[in-house]
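Here's the structure, in structure tokens; my notes come after.
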Amino acid sequence: MSVDKATVAKIASLARISMDDAALDRMVPELNKILGFVEQLGQVDVTGVEPMTAVIAQPLRLRDDVVNADPLTGGGVRDAVLANAPAAEHGFFGVPKVIE
Amino acid sequence: MSELTQPELTHLGVQAIRDGVAAGTFTAREVAEACNAAVADASALNAFIVTTPDHALAAADKVDADRAAGRELGLMAGVPIGMKDLFATNGVQTTAASHILEGFTPRYESTVSQRLWDAGAGMLGKLNLDQFAMGSSNETSYFGDVVSPWRRNGSTAGLTPGGSSGGSSAAVAARLAPAATGTDTGGSIRQPAALTGICGIKPTYGRCSRWGVVAFASSLDQAGPMARSVADCALMLQAMAGFDPKDSTSLDLPVPDWSGALNADLKGKRVGIPREYRMDGTDAAILKAWDDGIAWLKDAGAEVVDISLPHTEYALPAYYIIAPAEASSNLARYDGVRYGLRDLPQGANLQDMYAATRAAGFGDEVKRRILIGTYVLSAGYYDAYYTQAMKVRALVARDFAEAWDKCDVILAPTAPNTAFALGEKLSDPLAMYLNDVFSVPASLAGLPAMSVPAGLDPAGLPLGLQLIGRPLDEQGVLNAALAIEQRAGFTAQPDRWW
């Protein structure tokens with residue numbers, strides 16, 4: 001399978017990466033080269049093979065169902081969470097207007 | 001004051017520093033000052049994105065005070081290290097070598113770095129890397145290429161230190177730091193270690209916590225140490241590893257005393273030589289080093305057996321579906337809202353802002369991988385690409401599982417070539433990917449794997465050999481690497497030009 005410019009533009013839009021015509025023109029052959037390389041996986045007989053989900057099988061743990069079981073990943077740290085935001089306002093993340 | 005000069009102190013390894021500090025031969029502060037000076041003098045290598053001499057000094061002073069007070073010293077007491085800039089460090093910029101995270105200053109500390117500080121280590125600075133750890137040459141960093149301290153005989157051309165942990169490998173090889181952290185998704189500890197003549201081990205997936213490590217491909221990412229000897233790697237890995245409830249894939253197992261149990265006597269051990277790793281296009285010098293390695297392991301008492309890992313050639317294409325797929329998902333978090341860069345064109349709405357921010361903030365290789373990942377996960381292609389790759393991954397893992405019936409550890413080259421020139425493979429992403437051909441299979445199977453120096457090629461560049469072990473058998477990997485280290489007698493180091 002190979003991708004054309006319209007497909008790459010669609011993928012870029014899904015991935016929320018703005019790309020102009022020149023960037024798309026550059027990307028199309030590069031992606032096709034990589035897709036051409038991974039195409040060989042189709043030759044592998046995978047009959048009866050389950051897709052791998054974990055390299056080391058282990059049950060998923062649950063943490064104790066208590067508030068702030070681990071203070072580091074718990075709540076009440078609003079200022080620390082907002083500290084690196086490009087636009088923090090009134091204790092919230094600021095974003096451009098989303099309702100016209 | 002110690003009898004040792006600053007350059008002599010920077011040539012000491014992890015264990016030698018820790019033992020010297022403990023014995024009072026020199027102080028931790030003297031070591032930190034010597035390393036800080038070496039780092040400051042090596043800006044030509046571009047190994048560090050930021051330096052943190054005060055962090056190193058403060059950690060050293062605490063160790064010296066602890067010693068004076070008769071308190072017990074940690075595994076890494078007095079050892080200043082470099083920290084790959086993929087680990088979140090509290091109060092110190094953490095960028096993953098990207099523009100999108102430029103200026104990001106975490107308010108928390110990654111589990112692995114915290115463990116190292118708790119063990120008495122200090123931080124010389126944050127090390128350069130390929131952007132988001134995507135690359136094999138350290139040329140995708142937003143902060144510029146790292147230049148290897150090594151050069152070809154009679155040449156001044158800049159060479160790659162490997163990648164993605166290229167700042168780590170360059171800093172350790174150039175004697176700026178006795179050790180550094182690395183992370184390995186498809187070979188990012190082992191390949192740079194091989195290209196710069198140092199050691200590096202990626203432990204079993206789950207040994208080191210991923211909490212606070214900028215995510216690339218979560219089912220593959222593992223942290224590990226890079227240092228100049230097998231013993232130093234064992235010691236530092238011991239300080240880094242251990243269960244962490246904050247990482248859902250962390251292994252809830254005790255950390256063995258790998259350092260104390262090191263043993264190069266391989267009597268009764270079987271070493272597997274995978275025939276599929278004899279690939280066209282591998283340097284003759286690397287094949288020669290592989291033969292040397294076989295002879296050394298025999299000399300150490302091991303029995304050498306021929307094994308087959310039939311799906312080896314499919315590991316790399318599977319990896320280049322799985323890793324980008326996971327990356328496209330992981331990197332969705334960079335949206336210009338919560339941290340890092342924001343690009344808000346005039347009149348832009350929220351969606352425009354996402355797209356503009358990500359266009360400005362990600363480098364070309366990162367964009368390529370996000371697009372590939374988005375494509376292989378998209379409706380209509382998911383089964384053909386992603387599910388197929390996950391099935392092939394299961395087959396790659398099964399190959400190894402079957403090989404363990406015949407052998408205890410596997411010996412192979414780490415990379416198909418020695419260090420190449422900066423710029424040489426940049427125009428062809430696929431040629432760059434092929435650098436990971438020998439390292440990716442063990443990553444897909446989550447196995448412990450290590451690179452150890454084996455010698456120099458005719459141009460005077462380091463060659464590395466790779467040891468791959470059973471799940472959780474870091475000890476077997478370290479022991480076989482030690483047997484090679486003792487016989488290879490690798491003492492070469494780069495001539496200082498920087």
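The values are calculated or read from the model by the stated rules, or taken from the named source; none is laboratory data. The structure displayed is predicted, hence computed values, not measured ones. In this analysis, Cβ positions are derived from the backbone assuming ideal geometry, glycine residues included, and neighbour counts consider all displayed protein chains. Remember, those area values only see protein heavy atoms, side chains included, never the ligands or the DNA or RNA. Shrake-Rupley method; radii C 1.70, N 1.55, O 1.52, S 1.80 Å.
Scan segment B:268-290 and tell me whether some residue there is closer than 30 Å to residue A:72 by Cβ, among the hydrophobic types (A, V, I, L, M, F, W, C) and part of a helix (DSSP H, G or I). No; the residues of segment B:268-290 include none that is closer than 30 Å to residue A:72 by Cβ, among the hydrophobic types (A, V, I, L, M, F, W, C) and part of a helix (DSSP H, G or I).
Screening residue B:143 on (1) of a type outside the set (S, T, N, Q); (2) open to solvent by less than 30 Å² (accessible area, probe 1.4 Å); (3) part of a loop (DSSP other than H, G, I, E, B); (4) in contact (Cβ under 8 Å) with a residue 60 or more places away in the chain shows it passes everything except condition (2).
Kindly evaluate residue B:271 against the criterion of being in contact with a strand residue (DSSP E or B) (Cβ under 8 Å, 6 or more places away or on another chain), at pLDDT 95 or above and more than 14 Å from chain A (Cβ to nearest Cβ). Considered against the rule, which asks whether it is in contact with a strand residue (DSSP E or B) (Cβ under 8 Å, 6 or more places away or on another chain), at pLDDT 95 or above and more than 14 Å from chain A (Cβ to nearest Cβ), residue B:271 comes out as yes.
Yes or no, residue by residue, for (1) at the interface with chain A (Cβ under 10 Å from one of its Cβ atoms); (2) within 24 Å of residue A:32 (Cβ to Cβ); (3) free of Cβ contacts under 8 Å to residues at least 12 places away in the same chain:
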site	(1), (2), (3)
B:385	yes, yes, no
B:402	no, no, yes
B:405	no, no, yes
B:408	no, no, no
B:412	no, no, no
B:417	no, no, no
B:422	no, no, no
B:432	no, yes, no
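Residues that are out of contact with any helix residue (DSSP H, G or I) (no Cβ under 9 Å at 6 or more places or on another chain), modelled with pLDDT of 95 or more, at negative phi and not hydroxyl-bearing (Ser, Thr, Tyr) do not occur anywhere in segment B:369-381.
The C-beta contact set for segment B:307-322 (first residue more than 7 Å from every other protein chain (Cβ to nearest Cβ), second residue buried (at least 23 other Cβ atoms within 10 Å of the Cβ) and among the basic types (Lys, Arg), distance under 9 angstrom, 6+ apart or interchain) comprises B:315/B:393; B:319/B:393; B:322/B:393. Residue B:367 meets the conditions (1) within 25 Å of the chain's Cα centre (by Cα); (2) free of Cβ contacts under 8 Å to residues at least 12 places away in the same chain; (3) open to solvent by 50 Å² or more (accessible area, probe 1.4 Å) in every case but one. The failed one is (3). When B:218, B:209 are checked against the criterion of being touching a residue at least 24 places away in the same chain (Cβ under 8 Å), touching a Lys or Arg at 6+ places or on another chain (Cβ under 9 Å) and open to solvent by less than 10 Å² (accessible area, probe 1.4 Å), a single residue qualifies: B:209.
Yes or no, residue by residue, for (1) within 21 Å of the chain's Cα centre (by Cα); (2) under 26 Å from residue A:71 (Cβ atoms):
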| residue | (1), (2) |
| --- | --- |
| B:71 | no, no |
| B:79 | yes, no |
| B:84 | yes, no |
| B:109 | yes, yes |
| B:113 | yes, yes |
| B:138 | yes, no |
| B:141 | yes, no |
| B:161 | yes, no |
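Restricting the first member to segment B:43-62 and to residues that are in a strand (DSSP E or B), and the second to residues that are of a type in the set (S, T, N, Q) and surrounded by fewer than 17 Cβ atoms within 10 Å (Cβ to Cβ), the beta-carbon pairs closer than 7 Å and six or more apart or on different chains are B:50/B:93. The C-beta contact set for segment B:12-31 (first residue part of a helix (DSSP H, G or I), second residue open to solvent by 10 Å² or more (accessible area, probe 1.4 Å) and at pLDDT below 95, distance under 7 angstrom, 6+ apart or interchain) comprises B:30/B:2. Residues of segment B:282-309 that are open to solvent by 70 Å² or more (accessible area, probe 1.4 Å) and either more than 14 Å from residue B:480 (Cβ to Cβ) or polar (S, T, N, Q) (or both): B:284, B:288, B:291, B:306.
Evaluate segment A:48-64: report whether one residue or more is more than 10 Å from chain B (Cβ to nearest Cβ), in contact with a Gly (Cβ under 9 Å, 6 or more places away or on another chain), farther than 30 Å from residue B:364 by Cα and among the polar types (S, T, N, Q). No, segment A:48-64 has no match at all.
Looking at this structure, is residue B:373 open to solvent by less than 20 Å² (accessible area, probe 1.4 Å), touching a Gly at 6+ places or on another chain (Cβ under 8 Å) and more than 7 Å from chain A (Cβ to nearest Cβ)? In short, no. Quick check on segment A:8-23: of everything there that is farther than 20 Å from residue B:327 by Cα and either assigned to a helix (DSSP H, G or I) or modelled with pLDDT under 95 (or both), which residue is nearest to the other protein chains (Cβ to nearest Cβ)? Filtering first and then ranking leaves A:23. At pLDDT 95 or above and of a type in the set (A, V, I, L, M, F, W, C) - does that describe any residue in segment A:72-82? Yes - at least one qualifying residue is present in segment A:72-82. Mind checking which residues of segment B:73-101 are touching a helix residue (DSSP H, G or I) at 6+ places or on another chain (Cβ under 8 Å), within 14 Å of chain A (Cβ to nearest Cβ) and either open to solvent by 10 Å² or more (accessible area, probe 1.4 Å) or not in a loop (DSSP other than H, G, I, E, B) (or both)? Residues satisfying the conditions are B:89, B:92, B:99.
The residue that is farthest from the other protein chains (Cβ to nearest Cβ), among those in segment B:325-341 that are within 30 Å of residue A:36 (Cβ to Cβ) and free of Cβ contacts under 8 Å to residues at least 60 places away in the same chain, is B:329. Scanning segment B:342-364 for residues that are more than 7 Å from chain A (Cβ to nearest Cβ), touching a residue at least 12 places away in the same chain (Cβ under 8 Å), open to solvent by 10 Å² or more (accessible area, probe 1.4 Å) and farther than 25 Å from residue B:184 by Cβ returns B:343, B:360.
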